[in-house]
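Undergrad: I'd like to ask some things about the structure below.
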Amino acid sequence: MHNSANQVQSLSGPWLRLRSAWLPNRIAFHWPSVDLVPFAIFASAALGLSILVGSVSIDGRGDYGQWLMTSRYYLGQSVPDYRSVSTLPPLIPVLLAAVRGVIPDPGTALQAFNILLLLTFAISLYMVGWVLLSSQLGGLFAVALGFVVSDRLLELFAFGGLFQAGALAFLNFSVAAFLRAGEGPPAGRRWWILGSASLAAVALSHEATGLLAVPIGMSVAGVSVLRLKGIAWDARLRALLIPIAIVLAVVAYWVLVLLPGSRDYVSNPASLSYRGPDRLFVGLGSYWPTATVMVIGGVAVVLGALGDALHRVTHRYLILLIWGGLAWSALGYSVLSQAATDYPRFATPLLIPLVLAAAGGLLWLTGSLAGYLHSMIPRVQAPFWAMSCAALLMLVAAPFSGQRYVNEVNSYQPLDVAGLSAVADWLNRELPPGEAVLTPVREGKWIEGITGRSALFSLPVRYAFRSVEWQRSVAADTLLRSSSALTNGYFFAKYESPDGAIPRGLLLASNHGGEFVDLLRSDARQTLVIGRGPYHVIGSLASLHPTGVRRVYITGVASIRTTWHGTSAGKALTYTESLAASETSRMIDIVEQVTTALPVAGIQLQLRPPLGVHIEAIAIQGRTADVTFSRIGQMQPRLRVSVPDGPAVLTSMQGSALLIRSRGSKRLHVELTALSAAGPAVRASVLYPPQIVQDYQVGAAVLVNVDPTYPDRIRRLEALGFRPALRSGMYEVLVRNENPVPIRELAP
């Protein structure tokens with residue numbers, strides 16, 4: 001049985017061998033002998049993965065559009081002005097641009113590149129498993145566990161994680177090459193160069209992965225240097241001059257470029273609330289096969305590293321212990337230091353060393369099982385049973401992983417792929433150069449990739465890592481949802497009335513963990529002037545006519561003041577509503593004031609949550625109320641509502657709304673404080689749609705015509721001078737008139 005297990009480990013015996021002379025000896029790399037059967041199974045699996053990934057549309061999906069846009073930069077084509085493509089790692093966009101140079105159609109080129117990258121990733125995992133475990137079957141098990149059993153690696157290709165997929169593939173190549181170089185001559189120098197060049201490719205592929213991968217690759221290289229036997233240190237240094245020069249350049253790039261460039265990724269104020277470590281662990285544990293692979297891999301690493309240490313072997317599981325230890329230590333440091341980074345993207349760097357360790361454990365188990373079966377049926381040799389186990393594992397897991405991949409793809413797809421493609425082509429032909437497009441977020445990324453023109457879209461802070469994207473997001477949200485708005489980074493107040501000249505209907509979004517969340521709404525019909533005697537209700541804000549609006553931004557303070565006139569009981573009534581927020585304050589002020597000859601008992605303001613948001617508790621103490629909402633993200637949003645001056649009564653309306661009423665006063669001053677806020681994402685500003693259209697040069701808008709908010713949105717855009725120009729599937733394209741709506745204010 002022991003001999004049979006060794007047969008499986010080395011994959012020698014009756015199988016046809018394709019000696020390395022056909023390719024590796026020509027380049028003097030001296031790769032181990034290639035066994036056709038495991039390679040054929042791997043090739044079949046890689047073909048199946050390619051068919052799976054290539055069978056679903058890539059147009060408009062996830063992040064693919066923005067990577068298509070980055071390739072335009074290296075093709076000399078136009079890119080949006082606000083995009084800093086030159087600051088991104090260049091390797092993946094350059095390679096994609098090269099594919100586009102051969103395949104003119106952008107979507108076809110992107111799909112071809114996606115499949116090529118998938119194959120490269122799979123080959124890299126196969127090779128590192130082969131070298132690390134000294135067995136092609138080990139590489140085959142690594143691919144089976146990484147791409148067929150678990151779901152995290154394929155998930156990169158579901159949403160378009162091309163940069164990270166490329167970086168991980170090059171890391172695998174680097175580790176494999178360094179391990180091979182550690183076996184010594186012949187031709188060890190070439191392996192050192194290949195490993196160093198692959199490590200450089202990692203750094204040039206993805207910033208976040210490069211931060212982890214460069215220390216990992218250098219650690220593996222250091223262990224491989226120590227493994228060299230019978231070579232004097234001066235001889236080693238002479239042989240490694242070129243690799244050392246490459247590694248030093250990579251270290252300099254890591255220090256001077258990757259570290260400073262990563263600051264944007266650890267300063268997102270919403271990350272801990274919406275993309276924190278809990279999201280990572282939920283993602284890793286949500287699919288039980290992935291969790292099983294991690295558990296088996298973790299046990300295998302510990303036991304295997306202990307065995308390596310006892311036998312004084314400085315490879316295999318000790319390498320995996322270093323690899324996994326560095327990756328998990330980086331995660332631990334980020335969690336303990338509360339770095340606001342993109343924790344879900346940790347999943348694949350954490351998973352790969354565990355996949356390789358689990359492949360090693362599975363290789364040992366398969367060897368023992370194959371040896372036992374061979375002893376039971378001597379005519380069938382052990383390698384046959386081993387290969388059968390690997391093939392059976394893939395056949396059983398493939399339907400489940402394939403369906404999960406399709407489900408993930410569907411979650412990242414645009415609403416109408418064909419309609420979006422037609423819209424992008426039409427905009428590319430018809431819209432004048434330099435004009436931007438107001439769009440939904442996924443559609444906007446694809447339009448930028450196809451046309452190179454700027455898209456203005458609303459993107460939650462948790463999915464953006466640069467302040468310019470946050471500011472553009474509140475501008476897009478204002479255009480789509482309000483007639484006027486202001487923000488100070490802690491509140492985002494929007495007037496929901498469709499007419500840009502009549503701000504009415506206040507919607508208050510609060511900074512909750514760094515993310516703006518709509519929490520309270522003020523209905524103009526419930527904003528009342530309360531009288532005495534027979535005239536209990538003198539009038540409501542909805543019953544008055546607007547006569548003035550003033551939008552002001554002065555030295556960090558944004559304010560909007562509206563003026564309304566009407567009559568009640570034959571008496572004139574003037575009503576002003578003022579909204580103000582300072583950039584340095586977590587508060588926003590609402591001041592309601594009435595001027596009339598009628599006796600006034602007070603002003604009443606009702607604050608109610610919008611649809612889909614629920615108040616869980618209202619704690620009232622005097623003129624202050626703490627309002628707690630249902631959990632969003634990691635915690636419950638909380639606001640403090642207070643009346644800082646003048647007598648007032650605060651009343652909870654059965655927990656569904658807060659009623660605020662001044663007593664005997666024609667003025668009501670309400671302060672709202674964001675109690676669950678993180679750092680501000682945007683600066684203080686007044687947002688006025690006609691001004692936004694001019695500032696961002698918005699020449700067209702793309703709306704989803706099956707969206708329930710579509711009628712309100714199209715009315716707002718038509719009031720800004722847009723007109724329908726194209727209907728394509730679920731999308732409606734509006735273009736702006738040649739004469740834009742003038743920026744105007746009604747004098748108070």
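Read-outs throughout are calculated quantities, based only on the coordinates presented, and are distinct from any laboratory measurement. No experiment lies behind these values; they were computed from the predicted model shown. Note that each Cβ is placed from the backbone with ideal geometry, even for glycine, and that neighbours are counted across all protein chains shown.
Undergrad: For Rg/Rh (Cα atoms, Kirkwood Rh), the choices are [x] 1.08; [y] 1.01; [z] 0.96; which was calculated from the structure?
TA: Correct label is [x].
Undergrad: Relative contact order (percent) for region 48-202, with alpha-carbon contacts under 8 angstrom and 6 or more residues of separation?
TA: Values: 167 pairs, mean separation 32.6, N = 155.
With pairs under 8 Å counted, the relative contact order is 21 percent.
Undergrad: Mind running the shape call on region 482-564? Use the C-alpha gyration tensor, a ≥ b ≥ c as the square roots of the eigenvalues: rounded below 1.5 for a/c, prolate if a/b tops b/c, oblate otherwise. Please list the in-between numbers first.
TA: On the way: a/c = 2.26, a/b = 1.66, b/c = 1.36.
Prolate shape, in that a/c is at least 1.5 and a/b is the bigger ratio.
Undergrad: Another question, then. Considering only Ser421, Ser135, Val396, whose Cα is most displaced toward the positive end of the charge dipole of the chain, charges sitting on Cβ of Lys, Arg (+1) and Asp, Glu (-1)?
TA: The residue sitting farthest along the positive end of the dipole is Ser135.
Undergrad: Expected output is a single nm value to one decimal: the length gained when fully extending between Leu36 and Leu116, i.e. 0.36 nm times separation in residues minus the C-alpha distance. What is it? List each step's numbers first, then the result.
TA: Details: separation 80, 0.36 × 80 = 28.80 nm, distance 2.21 nm.
Contour length minus Cα-Cα distance gives 26.6 nm.
Undergrad: Step through the residues of region 550-567 one at a time and calculate ³J(HN,Hα) from phi using the Karplus curve (6.51 cos²θ - 1.76 cosθ + 1.60, θ = phi - 60°), rounding each to whole Hz and writing x for Gly and Pro.
TA: Residue by residue, region 550-567 yields 10, 10, 9, 10, 9, 6, x, 10, 10, 8, 9, 10, 10, 10, 10, 10, x, 10 Hz.
Undergrad: Taking 0.36 nm per residue of separation and subtracting the Cα-Cα distance, what length does fully extending Val282 through Thr595 add? Could the numbers behind the result be given before it?
TA: Values: separation 313, 0.36 × 313 = 112.68 nm, distance 5.66 nm.
Contour length minus Cα-Cα distance gives 107.0 nm.
Undergrad: Taking the Cβ-Cβ separation of Thr292 and Glu616 as r and a Förster radius of 30 Å, what is the calculated FRET efficiency to the nearest 0.05? Don't jump to the answer; show the numbers that get you there.
TA: On the way: r = 37 Å, r/R0 = 1.25.
With a Förster radius of 30 Å, E is 0.20.
Undergrad: Cut-off is 10 Å between beta-carbons; in what order do Thr596, Thr209 appear when sorted fewest neighbours first? Could you put the intermediate results ahead of the total?
TA: Values: Thr596 20, Thr209 27.
Fewest to most other Cβ atoms nearby, the residues stand as Thr596, Thr209.
Undergrad: How are the Cα pair distances of region 347-467 distributed, in percent, across 10 Å bins from 0?
TA: The distribution over region 347-467 is 11, 23, 19, 15, 14, 12, 6, 1, given as percents.
Undergrad: How compact and how long is region 659-716, expressed as Rg and Dmax of its alpha-carbon atoms in Å?
TA: Taking only Cα atoms of region 659-716, I get Rg and Dmax of 18.7, 51 Å.
Undergrad: Answer with one residue from Gly361, Ile502, Ala122: the one whose Cα lies farthest towards the positive end of the charge dipole of the chain, charges on Cβ with Lys, Arg +1 and Asp, Glu -1.
TA: Towards the positive end, the residue furthest out is Gly361.
Undergrad: What are the ³J(HN,Hα) values, in whole Hz, obtained from phi via the Karplus relation 6.51 cos²θ - 1.76 cosθ + 1.60 with θ = phi - 60°, for each residue of region 667-672 in sequence order, with x given for Gly and Pro?
TA: Computed from phi, the couplings for region 667-672 are 9, 10, 10, 10, 10, 10 Hz.
Undergrad: Tell me which residues come under 5 Å, amide H to amide H, from Ala455 once H is placed; ignore anything under 5 positions away on its chain.
TA: Val437
Undergrad: Also, quick follow-up: Using a/c under 1.5 as the rounded threshold, could you call region 303-366 rounded, prolate or oblate? The axes a ≥ b ≥ c are square roots of the C-alpha gyration tensor eigenvalues, and prolate needs a/b larger than b/c, oblate otherwise.
TA: Details: a/c = 3.95, a/b = 1.91, b/c = 2.06.
Because a/c hits 1.5 or more and a/b fails to exceed b/c, region 303-366 counts as oblate.
Undergrad: Here's a follow-up. Please say if region 413-461 is rounded, prolate or oblate, where rounded means a/c under 1.5 for a ≥ b ≥ c the square roots of the C-alpha gyration tensor eigenvalues, and otherwise the choice is prolate for a/b larger than b/c and oblate otherwise?
TA: On the way: a/c = 2.35, a/b = 1.15, b/c = 2.04.
Because a/c hits 1.5 or more and a/b fails to exceed b/c, region 413-461 counts as oblate.
Undergrad: For the chain, find the longest principal axis of its Cα atoms and tell me its angle to the long axis of helix 467-481, 0 to 90°, nearest 10.
TA: Once rounded, the angle reads 50 degrees.
Undergrad: Okay, next question. Find how much the distance from Val56 to Met635 grows on full extension, using 0.36 nm per residue of separation minus their present alpha carbon separation; answer in nm with one decimal. Walk me through the numbers on the way to the answer.
TA: Working: separation 579, 0.36 × 579 = 208.44 nm, distance 3.69 nm.
Here the answer is 204.8 nm.
Undergrad: Once amide H atoms are built 1.01 Å from N in the peptide plane, which residues 5 or more positions from Ser676, or in another chain, come under 5 Å H to H?
TA: Close amide H contacts, sequence-distant or interchain: Arg638.
Undergrad: Next up: Placing +1 on the Cβ of each Lys and Arg and -1 on the Cβ of each Asp and Glu in region 330-484, which of Ala476, Leu459, Tyr333 has its Cα farthest towards the positive end of the resulting dipole?
TA: The residue sitting most towards the positive pole is Tyr333.
Undergrad: Another question about this same structure. Rank the residues Phe121, Phe141 as a footprinting-exposure proxy: fewest other Cβ atoms within 10 Å of their Cβ go first.
TA: Phe121, Phe141
Undergrad: For region 392-544, what is the convex hull volume of its Cα atoms per residue in Å³?
TA: 214
Undergrad: Continuing with this model, one more query. Magnitude of the Cβ-charge dipole of the chain, K/R +1 and D/E -1, about the Cα centre, nearest 20 debye?
TA: Once rounded to the nearest 20, the dipole reads 700 debye.
Undergrad: Please work out the FRET efficiency for the pair Gln338 and Arg466, using the Cβ-Cβ distance as r and a Förster radius of 25 Å; give the result to the nearest 0.05. Could the numbers behind the result be given before it?
TA: Working: r = 21 Å, r/R0 = 0.83.
Computed FRET efficiency for Gln338 and Arg466: 0.75.
Undergrad: Also, quick follow-up: Given a Förster distance of 56 Å, report the FRET efficiency between Asp695 and Ala43 from their Cβ-Cβ distance, rounded to the nearest 0.05. Walk me through the numbers on the way to the answer.
TA: Details: r = 55 Å, r/R0 = 0.97.
With a Förster radius of 56 Å, E is 0.55.
Undergrad: What value, in deg cm²/dmol to 500, does the helix sum -39500 (n - 2.57) over DSSP H runs of n ≥ 4 give at 222 nm once divided by the residues of the chain? Intermediate results must be reported in sequence, preceding the final value.
TA: Details: 23 runs with 346 residues, N = 748.
Computed ellipticity for the chain at 222 nm equals -15000 deg cm²/dmol.
Undergrad: Quick one: 3J(HN,Hα) in Hz for region 363-368, Karplus 6.51/-1.76/1.60 with θ = phi - 60°, rounded, Gly and Pro as x.
TA: For region 363-368, the Karplus-derived couplings read 5, 5, 5, 5, x, 5 Hz, x marking Gly and Pro.
Undergrad: May I ask you to give the average projected area over all directions of the convex hull of the Cα atoms of region 591-685, in nm² rounded to one decimal? List each step's numbers first, then the result.
TA: On the way: hull surface 31.4 nm².
Projected over every direction and averaged, the Cα hull of region 591-685 covers 7.9 nm².
Undergrad: Give the residue list of trypsin sites (Lys or Arg not before Pro) in region 293-371 that are DSSP loop and have at most 13 other beta-carbon atoms within 10 angstrom.
TA: Numbers: sites: Arg312, Arg316, Arg345; in loops: Arg312, Arg316.
Sparse-neighbourhood loop trypsin sites (Lys or Arg not before Pro): Arg312.
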